[in-house]
Amino acid sequence: MARIDPPDTPGDPIAEAGRRLGAWLERGDHGELDWFERLREDRSHPRVMWPGARSLVAVAWNYHRPDEPAGSEAGIARYARGRDYHRAVTSRLRALARFARAALPGAEVRVAVDTGPILERPWAERAGIGFVGKHTNLVRRDLGNWFVLGELLLDRALEPDAPAERRCGSCVRCIDACPTGAIPEPYRVDARRCISYLTIESKAAIPLELRPLMGERIYGCDDCLDACPWNRFAQVARSDEVRARPGLLATPLVAWLALDEAAFARAFAGSAILRAGRGGFVRNVCIALGNRGERSSVPELAGALGDPDPVVRGAAAWALARIGGAEADAARAHRRAAETDPAVVAELGLV
């Protein structure tokens, strides 16, 4: 629980978090995440969005499944393998909101799960849920960093909990673990180099120099989270909603290339993976297959050269060039004769 002071309260740590957000935006670390800029003022403080807000209850939903493979092995970040956490946490927050209204007659209550303009990690730290780690994710001493956050805002001033203390010390394991160097300094992530951003939020062609560093990750990246030593205290999630969807981790990479828009929507209905969009997801699969380097995937990648999305065609061309061989070279040469998109033509010219 955190008390929501006015935004101009002297020494307010949330105001400092807002200033860090401003610096992050000014450096361009947000990449294509334009809504951060649009909602910059709203995100500065809950009372900007809702002047009546007086208290914030932060909640954490554990998704730790130690019986499932690491994200670098499975290619899909742990949080995204089961039910969309937005739905799962929102349903629980709504139940909590009903309880709050019953306990505080006449109280006005609102809920948010990261889609709302709230600086959720600084507020969760202030509410005592956990501390912000050097990878910018929240860490709990009893859960490591395997949880997502939600917030309940009330128009009543309730007794606050003590803020959590940061306990990273001199540890920099999360920084060292990042495959692309996306954490240039403690408490700062350059989204433009972050594999989670590249595979989920960015809809453009992924920069050439970062593609080999992505390995076979097709949705998100857990490497900095995996590295945190506080995970040794993590508890197994009790909800079955966090389990990987049936068949998700067993589906061969190459099979995802066959997804059209309708098949993608069916395959990931109710899943956070929908956020990547069909084109972004298949683009990621092409890059993963290129990094795997198996010539058995050449026929399917050659088929992806005819994809309606030029970003997918470009990624397939890159993957074929990376795999190499007579069959891959022939497929690229055949497509070059028909390709009209300049960016894809450039990808087809790679050697």
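Just wondering, is there one or more residues in region 191-209 that are modelled with pLDDT of 95 or more, hydrophobic (A, V, I, L, M, F, W, C) and closer than 20 Å to Val172 by Cβ?
yes
State all residues of region 164-186 that are outside any loop (DSSP other than H, G, I, E, B) and under 16 Å from Gly130 (Cβ atoms); if no residue qualifies, say none.
Cys174
Given the conditions (1) buried (at least 18 other Cβ atoms within 10 Å of the Cβ); (2) in contact (Cβ under 8 Å) with a residue 40 or more places away in the chain; (3) charged (D, E, K, R), and given that Glu241 satisfies all but one, which numbered condition is not satisfied?
Among (1) buried (at least 18 other Cβ atoms within 10 Å of the Cβ); (2) in contact (Cβ under 8 Å) with a residue 40 or more places away in the chain; (3) charged (D, E, K, R), Glu241 violates only (1).
Only one of Ile206, Ile200 is closer than 16 Å to Gly75 by Cβ, assigned by TED's automatic domain parsing to the domain that holds Ala74, assigned to a loop (DSSP other than H, G, I, E, B) and of a type in the set (Val, Ile, Thr); which?
The unique qualifying residue is Ile206.
How do the helices (runs of 4 or more DSSP H) wholly within region 275-326 filter down when requiring 2 or more residues that are under 26 Å from the mean Cα position of the chain (by Cα): which remain?
In region 275-326, 277-292, 310-323 are the helices (runs of 4 or more DSSP H) which contain 2 or more residues that are under 26 Å from the mean Cα position of the chain (by Cα).
Which of the numbered conditions does Ala338 fail, given that it passes all the others? Conditions: (1) free of Cβ contacts under 8 Å to residues at least 24 places away in the same chain; (2) within 31 Å of the chain's Cα centre (by Cα); (3) farther than 16 Å from Val285 by Cβ.
Checking Ala338 against (1) free of Cβ contacts under 8 Å to residues at least 24 places away in the same chain; (2) within 31 Å of the chain's Cα centre (by Cα); (3) farther than 16 Å from Val285 by Cβ, the one that fails is (2).
Within region 116-130, can one find any residue that is surrounded by fewer than 17 Cβ atoms within 10 Å (Cβ to Cβ), outside any helix (DSSP H, G or I), in contact with a strand residue (DSSP E or B) (Cβ under 9 Å, 6 or more places away or on another chain) and of a type in the set (A, V, I, L, M)?
The answer is no; no qualifying residue exists.
Residues being in contact (Cβ under 8 Å) with a residue 40 or more places away in the chain and under 30 Å from Gly290 (Cα atoms): count how many of those fall in region 68-104.
Of the residues in region 68-104, 16 are in contact (Cβ under 8 Å) with a residue 40 or more places away in the chain and under 30 Å from Gly290 (Cα atoms).
Can you find, within region 244-262, the residue that is surrounded by the most Cβ atoms within 10 Å (Cβ to Cβ) among those that are hydrophobic (A, V, I, L, M, F, W, C) and assigned to a helix (DSSP H, G or I)?
Trp256
Are there helices (runs of 4 or more DSSP H) fully within region 1-115 with at least 1 residues that are surrounded by 15 or more Cβ atoms within 10 Å (Cβ to Cβ) and at pLDDT 90 or above? List them.
Per the criteria, 71-74, 85-103.
The values are calculated or read from the model by the stated rules, or taken from the named source; none is laboratory data. Predicted model only: the values in this text are computed from it and were never measured. All Cβ positions, even for glycine, are placed from backbone atoms using ideal geometry, and neighbour counts span all protein chains on display.
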